[in-house]
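Coordinate-derived values only; no laboratory data. Predicted model, so just to flag it, every value in this text is computed and none were measured. Ideal geometry is used to build each Cβ from the backbone, glycine not excepted, and the neighbour counts take in all protein chains shown.
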Amino acid sequence: MRPKNLRTIGITSLAITCLFVMICIGTNIACQQRMDNVTYEVTGDAESVDVTLSNDNGGQEQYNDVPLPFRMDYGGFNERYVYLYAYNNGDSGTITISIYVNGNLFKTATSSGPYTNAVVYGNK
């Protein structure tokens, strides 16, 4: 009777160990972040804009009084959250802001008029 119990315990232990290894491997694969190419773009006929965007390190960058068009490319963007904000500094004009992920349009917005802004954001 004793060898049968040891055999059952051994098989059960092996099954639990295999299950644990499969969960650890699966979790590691699921938690790895994708490295994407992210492009921020601001276009339009406004004279100049202020731009704030999320960068590839999880922080923010700000650019003031930039002429249009404005474009910022990040290769190897590993952050999940993307954010783009633009403010029209002039008394007229239209601005269109866009975020592209791996060459595909992710989000876009347009704003017209003096001293207006546009914002787009999300988890890619």
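Convex hull volume of the C-alpha atoms in the range 53-124, normalised per residue: 82 Å³. Note on residue 81 and residue 55: their simple-model spin labels are 1.7 nm apart, each label 7 Å out from Cα toward Cβ.
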